[in-house]
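Have a look at the structure below, then the notes.
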Amino acid sequence: MAGFIINSFSRAISSGRRLFDVLDSSSPVSERENAIELERAQGTVRFENVSFSYDPSVPALRNVDIEAKRNRVVAILGAPGSGKSTIVNLLPRFYEVDDGRITIDGTDIRDVTLESLRQNVGIVQQDVFLFSATIRENIAYGATDATLEDVIMAAKVAQLHDHIISLPGGYDTWVGERGTTLSGGQRQRLSIARSVLIDPPILILDDSTSSVDVETERLIHAAMVAVMKGRTTFVIAHRLSTVRDADHIIVLDRGRIVEQGSHEQLDAVGGIYHEILELQLRPQEEMMLDVALTSETTVGRA
Ligand SMILES: Nc1ncnc2c1ncn2[C@@H]1O[C@H](COP(=O)(O)OP(=O)(O)OP(=O)(O)O)[C@@H](O)[C@H]1O
């Protein structure tokens, strides 16, 4: 559900002003009369004692404190329903905090216009929506003044350029309905390319990808690392490579931060992080490696 909301909201955001207005009329948040424009942020984000619930009887986040800075990656980890998506739903103000506050460069996000806030907070979607248009237009969506050179640069950062030039029409290849199909991993990288063009100082990523091969996994990881540079990044983490690289890991359990620190620190504690690592993240990585080795052996034999 939360995934759906984030997808449709961010889709609406990337569709520009008109949809913004539609969105805002039905959104659970409203803009203050004297809301100010948030200029391009330096990127310091603080959650200060934030609590939130969708339904008053079930707290979704309880007394959450987070500090994130430019060029730093905060990985959010936790069981399904622990509140990961809620954290990232609150930052672009898809919902309003019940208690506490969220600031960007010291400014309460309730004091700024929704448009300027959302220009500062980009979201890389897992399953991006493709418009019936060329791949170039799909990448440039939301950055209408982007030149072909800009689009190519973004596709290179997103590790999608080589695939695009292998298509018969290159950047003019038609995608979306009745067009060339892109795989899940390619769509995710297209979403990364869009973010490179829109260039938000604060970025929200979700690293989950449904069963991809090792090469795709490597490309996605490289694209993520590249797009994070110079930004403040929050990543909902499902992969060992993501958490190992993060500057700070937050482990959620039923809406509370129960552990936080670096990979090494948390692994040494032997708590929930260690458990998730051993039971979920490591086996997942080993399985990927096994599949890679098996396919190499098969190719070798053929
Ligand atoms: N739109 C919603 N309306 C009501 N309750 C919701 C909504 N979205 C999430 N919740 C509830 O809020 C809590 C936190 O959910 P959230 O989606 O943030 O968890 P999550 O860690 O992102 O889970 P997942 O890994 O399954 O995406 C859960 O109890 C969930 O059922």
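Among the residues of region 88-112, what is the count of those that are modelled with pLDDT of 95 or more, assigned to a helix (DSSP H, G or I) and within 16 Å of the ligand (Cβ to nearest atom)?
Residues in region 88-112 being modelled with pLDDT of 95 or more, assigned to a helix (DSSP H, G or I) and within 16 Å of the ligand (Cβ to nearest atom): 1 in total.
Test Y54 against the stated conditions and say whether it is more than 13 Å from G255 (Cβ to Cβ), within 11 Å of the ligand (Cβ to nearest atom) and open to solvent by 20 Å² or more (accessible area, probe 1.4 Å).
Considered against the rule, which asks whether it is more than 13 Å from G255 (Cβ to Cβ), within 11 Å of the ligand (Cβ to nearest atom) and open to solvent by 20 Å² or more (accessible area, probe 1.4 Å), Y54 comes out as no.
Sort out which residues of region 198-218 are at pLDDT 85 or above and more than 12 Å from V124 (Cα to Cα), and write them in order of number.
P201, the sole residue that qualifies.
Just a yes or no: is a residue in region 58-76 without any contact (Cβ under 8 Å) to a residue 24 or more places away in the chain and in a loop (DSSP other than H, G, I, E, B)?
No, every residue in region 58-76 fails to be without any contact (Cβ under 8 Å) to a residue 24 or more places away in the chain and in a loop (DSSP other than H, G, I, E, B).
Can you find a residue that is open to solvent by 10 Å² or more (accessible area, probe 1.4 Å), within 21 Å of the chain's Cα centre (by Cα) and at positive phi anywhere in region 124-140?
No, that holds for no residue.
Taking region 47-57 as the region of interest, how many residues are closer than 25 Å to Q125 by Cβ and not in a loop (DSSP other than H, G, I, E, B)?
Residues in region 47-57 being closer than 25 Å to Q125 by Cβ and not in a loop (DSSP other than H, G, I, E, B): 3 in total.
Between a residue in region 143-172 that is within 17 Å of A223 (Cβ to Cβ) and assigned to a helix (DSSP H, G or I) and any residue that is among the aromatic types (F, W, Y) and modelled with pLDDT of 95 or more, which pairs come within a Cβ distance under 9 Å, given they are 6 or more apart or on different chains?
V151/Y171; I152/Y171; A155/Y171; I164/Y171; I165/Y171
Just name the residue that is surrounded by the most Cβ atoms within 10 Å (Cβ to Cβ) out of those in region 57-74 that are within 13 Å of the ligand (Cβ to nearest atom) and among the small types (G, A, S).
A60
Which is buried (at least 17 other Cβ atoms within 10 Å of the Cβ), more than 17 Å from the chain's Cα centre (by Cα), at pLDDT below 95 and not in a strand (DSSP E or B), of L38, L23?
After applying the criteria, what remains is L23.
Counting residues that are under 12 Å from the mean Cα position of the chain (by Cα) and of a type in the set (A, V, I, L, M, F, W, C), which helices (runs of 4 or more DSSP H) fully inside region 175-253 reach at least 3?
214-228
The values are calculated or read from the model by the stated rules, or taken from the named source; none is laboratory data. For clarity, every value in this text was computed on a predicted model and none was experimentally measured. Glycine gets a Cβ as well: all are built from the backbone with ideal geometry, and neighbour counts include every protein chain shown. Accessible surface is based on the protein model in full, side chains and every heavy atom, while ligands, DNA and RNA are left aside. Shrake-Rupley method; radii C 1.70, N 1.55, O 1.52, S 1.80 Å.
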